[in-house]
Amino acid sequence: MHLQDHALILPITTTARQTAEAFSAQQAAPDKAQQVRLNTLAVWVAHDYLSMMGIPSNMESSDSWNPVVRACSDVADLEVATSGRLECRAIQPHEETCYVPPEVWSDRIGYLVIQISENLRQASLLGFTPTVSTDRLALTKLKPMESLLAHLSEFSLAQPPLVEECLTQLELWFSGLFADGWQAVDALLGEAQPVLSFRRAGASDAAPLLEGQVQRAKLISLLPEQGPVVLLMDCKPEIGQRLFCVQVHPLSSNGHLPADLRLTILDEGSQPLLEARSRQRDDYIQRQFSGHPGERFSIKIELGDAAVIENFVI
């Protein structure tokens, strides 16, 4: 299907699968359990995608996360901040239409179609439509994913920018509190664990972290045709300061970064402090630095004219 050529492919995390199984186990009928399983995965993947694009959303406030509504309805909505409810409809491989129940034809800002692989480990975001008027939506009628971002922006033009929500507070990480989008490293890189500079000398890839050390990873989308990369943060507390090792990895464990991808560490005034640039067939790039509690910095990842900036406070 030609849609697959333009689909955005994302991994389905272990946490997402566990949540979907927990929700489906609450259903009495096998067909209903499968419906809830796929709906949950579709909502989770949409949440991950919007987080990558810097758009806040809340699964917990959505009807799809309400056990009573979930049991009585075929619902897969995601509450998108400042916009409304986005319906996230799952299909399985080889389906050429997407079922959209009449109960969700209203009170939605749009409909996102997500193909879930048979092993529930990969999702393909196929496209979007702002409205539906039939219970069978032909996949050929879908608009590309860029249309979804433009559509959502129309709902949020009158809203003030959420500056503080885009500022990741690293001190909270040492207490086990992580902002949306930041996942366990193995959830994104699987068993292909990177070797980071703060491991004990001579330690193996599977060695445990040092006391107080925290690692987290996030998907970063630059160019739709390129696919996302993984930003990995390794943080270690020292007396009076914090040590950081920042890496960028390809999403595929046996892949390589695109050539000329740039990783830049910026100070609070957005001035560059450190930079790394990928070459042909690099499987990761990294930079190390230190900072003090209360200081701010940013990480900028660039490829061609596309750039993503993540802002932090120590």
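Bear in mind that the values in this text are calculations on the coordinates, not laboratory data. Note that the structure is predicted; figures quoted are calculated from it, not measured. Every residue, glycine as well, gets a Cβ built from its backbone with ideal geometry; the counts of neighbours run over all protein chains shown.
Given segment 3-156, what percent of its DSSP beta bridges are antiparallel, to the nearest 5?
Restricted to segment 3-156, the bridges split so that about 75 percent are antiparallel.
Could you give the length gained by full extension between Phe289 and Gln169, i.e. 0.36 nm per residue of separation minus their alpha carbon distance, to one decimal place?
Working: separation 120, 0.36 × 120 = 43.20 nm, distance 1.69 nm.
So the extension gain works out to 41.5 nm.
Take the alpha carbon gyration tensor of segment 66-187, find the square roots of its eigenvalues, order them as a ≥ b ≥ c, and report rounded if a/c is under 1.5; if not, report prolate when a/b exceeds b/c, else oblate.
Verdict is prolate for segment 66-187.
To make sure I understand, if each residue's beta carbon is the centre and we count other beta carbons within 10 Å, what order do Thr15, Thr264 fall in, fewest to most?
On the way: Thr15 12, Thr264 18.
Starting with the residue having the fewest Cβ neighbours, the order is Thr15, Thr264.
If I model a spin label as a point 7 Å beyond the Cα along the Cα-Cβ vector, how far apart are those points for Thr15 and Leu120 in nm?
With each label placed 7 Å out from Cα toward Cβ, I get 1.7 nm.
Quick check on segment 54-131: take the gyration tensor over C-alpha atoms, sort the square-rooted eigenvalues as a ≥ b ≥ c, and tell me if it's rounded (a/c under 1.5), prolate or oblate.
In terms of gyration-tensor shape, rounded.
Can you sort Lys141, Lys236 by how many other beta carbons sit within 10 Å, fewest first?
Lys141, Lys236
Would you mind pulling out the separation of the Cα centroids of segment 47-125 and segment 243-273, in Å?
Going from one Cα centre to the other spans 31 Å.
Mean-square fluctuation check for the chain, GNM, Cα pairs under 10 Å: which of Leu273, Leu38, Leu139 is largest?
So, out of Leu273, Leu38, Leu139, the one fluctuating most is Leu273.
From the Cα gyration tensor of segment 3-156, with a ≥ b ≥ c the square roots of its eigenvalues, which class applies: rounded if a/c is under 1.5, or else prolate if a/b is larger than b/c, or else oblate?
The shape class here is rounded.
Using a Gaussian network model of the chain whose springs link C-alpha atoms within less than 10 Å, name the residue from Tyr99, Tyr49, Tyr111 with the highest mean-square fluctuation.
Answer for the Gaussian network model of the chain: Tyr99.
Treat the count of other C-beta atoms within 10 Å as a stand-in for reagent exposure and order His94, His47 from fewest to most.
His94, His47
Which residue, Cys245, Cys98, Cys72, has the most motion in a Gaussian network model of the chain that connects Cα atoms within less than 10 Å?
Greatest mean-square fluctuation among the candidates belongs to Cys72.
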